[in-house]
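Written out below as structure tokens is the structure these notes cover.
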Amino acid sequence: MQDIIYDVIVIGAGVSGCATARELARHEGRFLVLEAADDVCCGTSKANSAIVHAGFDARPGTLMARLNVEGNALFDDLERDLEFAFMRIGSLVVCTSDDARPGLETLLERGRQNGVEGLRIVEREELLRMEPNISDEAVAALWAPTAGICDPFGLTIALFENARANGVEFAFNAPVTALSRDGDTWTVTTDRGTFRARCVVNAAGVDADTIHNMASAETLTIQPRRGEYELLDTTAGTHVAHTVFMLPGPMGKGVLVTPTVHGNLLVGPTADDVDGKRATQTTAAGLATVRERAALTVRDIPFRETITSFSGLRAHRAEHDFFIGEAADAPGFVDCAAIESPGLTASPAIGRMVASICGDVLTRNDPAAFAERADFDPHRKGYVNLHIVSEDEWSALIQADPAYGTLVCRCCVVSEGQIREACRRGARSVDAIKRRLGVTMGRCQGGFCTPRVLQILCEEHPDLDLLSVTKSGPGSEYCVAPVKAPRGGGLDA
Ligand SMILES: Cc1cc2nc3c(=O)[nH]c(=O)nc-3n(C[C@H](O)[C@H](O)[C@H](O)COP(=O)(O)OP(=O)(O)OC[C@H]3O[C@@H](n4cnc5c(N)ncnc54)[C@H](O)[C@@H]3O)c2cc1C
């Protein structure tokens, strides 16, 4: 066990844990994030619709409704400070029969109660001008101009990098296996050793019930609810210009059709309760449902352009609200649990709220603790994006480092220089590079570029070789053995 007593240990480095870490970093103290996976953004934060919701869906008066609207409003400043992709493109909830109109009116009223600005109902003629591919059955829609789309990996990585630059420590491959309390100090046991803290934050996503139940006798149950998607190539990316929802039902917001910030078209998700917390497979039945339901709101979706399918797990709680606060029977243990949709949107506000609760815990025993830091730097430099740099800027990059002139991922236009930079900023697996730069996310899904990415990872990280480098952490190695010895012996990277 280390001698250090951290002020706060955060369990989980998804968007909730990373947003909390960045807010903690604004204050004096020593903070640690423990993550089971080999990188940030490996849970639900990497597999969702990436919508920055306007906030008309959640029940008024809930934490979900408040933090959705607050979080949405923080995105413009966050994008400026942290340089990740975000576009306020607006959303439409489409009504396909006059009988269903009261559903639109209910959403409009709920949105107004939640404080969402700019909401209005558009009739078919205007809707058709906004979305020429809208279904022939569409009669009207709720227009929400404050909705947007973002890069969920980019946001989470930006929060992580900024928190780390401001002194927050991160430990990966460190699953928490036990929690115990002795007086005012919590002991957190992981596969990588034991750590102590005055305050523990539970931001473990679908596993937040397991962590909560280690600390508190008041049982929490999280039901994983799977959402499956089809992702279409960039050739289909302009099929719609806004996020197009159907009217929501009891299992959630229904199937949407949306452009992504990477220029693709995303269609999904389903909503099915599943038994396993790792049940992220896609199914033929799920994907058939996605296609069938999407066609109710948008016509002629070119599904032949599908390049991959994936799914994510919502951390659903029966009460259907975020579960944030200090456990009554476990002083210093703070839940940030049941963060289902709109958790990505709400994350900047969730981070503020959770950090503030940690501040209350820390100042209870020491009023001078958790003082605001004058030297907190809110800015973080984003990764180079060759889709948006000018030719002059690209030339300057190549002048400084010729590796920026060698394309590795042709589908997503990513150069060797960018991949080397991502490695130097901490990426150690192919998926870590993918989340930072989009490499392997295009039409070939890594068929052409993966071998070169593996080589670069090995060149940049001397402790990695072709047998140990992974797709996404231990157990996902690409190479099992050399098929023939290279000249000179040894296994060359
Ligand atoms: C299908 C679907 C669609 C969605 N669409 C949207 C949307 O469009 N807009 C929106 O705002 N929200 C959306 N959401 C919700 C959003 O994705 C989540 O609210 C958000 O990503 C939750 O983040 P998190 O950090 O709480 O959880 P996660 O991202 O799951 O992070 C939890 C982390 O904890 C780690 N962990 C777990 N157990 C342990 C342990 N024992 N020790 C250490 N670490 C541990 C995990 O490895 C993981 O990295 C959607 C969700 C789903 C599933």
Query - Whichever residue in segment 242-298 is open to solvent by 50 Å² or more (accessible area, probe 1.4 Å) and in contact with a Lys or Arg (Cβ under 6 Å, 6 or more places away or on another chain) and, among such residues, is nearest to the ligand (Cβ to nearest atom) - result: Asp272
Query raised in the report: Regarding Ala73, is this residue assigned by TED's automatic domain parsing to the domain that holds His53 and of a type in the set (A, V, I, L, M)?
Result: yes
Query raised in the report: Within the bounds of segment 399-416, is there any residue that is within 27 Å of Leu231 (Cα to Cα), open to solvent by less than 20 Å² (accessible area, probe 1.4 Å) and touching a residue at least 60 places away in the same chain (Cβ under 8 Å)?
Result: no
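Run down Gly446, Gly475, Gly438 and say which single residue is free of Cβ contacts under 8 Å to residues at least 40 places away in the same chain and within 18 Å of Phe310 (Cα to Cα).
On the way: Gly475 fails: within 18 Å of Phe310 (Cα to Cα); Gly438 fails: free of Cβ contacts under 8 Å to residues at least 40 places away in the same chain.
From the options Gly446, Gly475, Gly438, the qualifying one is Gly446.
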Query raised in the report: Within the set of pairs 6+ apart or on separate chains, which have a first residue in segment 207-228 that is under 15 Å from Thr44 (Cβ atoms) and in contact (Cβ under 8 Å) with a residue 12 or more places away in the chain, a second that is hydrophobic (A, V, I, L, M, F, W, C) and assigned to a helix (DSSP H, G or I), and C-beta atoms under 7 Å apart?
Result: Ile222/Val206; Ile222/Ala208; Pro224/Val206; Glu228/Leu287; Glu228/Val290
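Counting only residues that are under 30 Å from Ala374 (Cα atoms) and more than 11 Å from the ligand (Cβ to nearest atom), give me the strands (runs of 3 or more DSSP E) lying completely in segment 1-106 with at least 3 of them. First the steps, then the outcome.
On the way: elements: 5-11, 31-34, 91-95.
Strands (runs of 3 or more DSSP E) meeting the threshold: 5-11.
Going by what's in this entry, would Thr235 be described as outside the structural domain of Phe56 (by TED's automatic domain parsing), open to solvent by less than 50 Å² (accessible area, probe 1.4 Å) and of a type in the set (Val, Ile, Thr)? Even if it seems obvious, please write down each step before you answer.
Working: outside the structural domain of Phe56 (by TED's automatic domain parsing): yes; open to solvent by less than 50 Å² (accessible area, probe 1.4 Å): no; of a type in the set (Val, Ile, Thr): yes.
The answer is no for Thr235.
Identify all residues within segment 314-348 that are in a loop (DSSP other than H, G, I, E, B), within 15 Å of the ligand (Cβ to nearest atom) and either more than 23 Å from the chain's Cα centre (by Cα) or farther than 18 Å from Thr221 by Cβ (or both); write none if there are none. Talk me through it step by step, then tell me what you get.
As a first pass, look at segment 314-348 and keep what is in a loop (DSSP other than H, G, I, E, B): 317-322, 327-332, 338-342.
When the remaining residues are screened for being within 15 Å of the ligand (Cβ to nearest atom), the result is 317, 320-322, 338-342.
Result: Ser341, Pro342.
Each row is one residue, and each column tells you yes or no for (1) assigned to a helix (DSSP H, G or I); (2) acidic (Asp, Glu); (3) out of contact with any helix residue (DSSP H, G or I) (no Cβ under 8 Å at 6 or more places or on another chain).
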| site | (1), (2), (3) |
| --- | --- |
| Leu386 | no, no, no |
| Asp392 | yes, yes, yes |
| Cys411 | no, no, yes |
| Arg435 | yes, no, no |
| Gly442 | no, no, no |
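The values are calculated or read from the model by the stated rules, or taken from the named source; none is laboratory data. These numbers were taken from a predicted model, which means no experiment stands behind them. Using ideal geometry, Cβ is built from the backbone for each residue, glycine included, and neighbour counts are taken over all protein chains shown. Note: accessible area is taken over every heavy atom of the protein model, side chains too, but ligands, DNA and RNA are not part of it. Shrake-Rupley method; radii C 1.70, N 1.55, O 1.52, S 1.80 Å.
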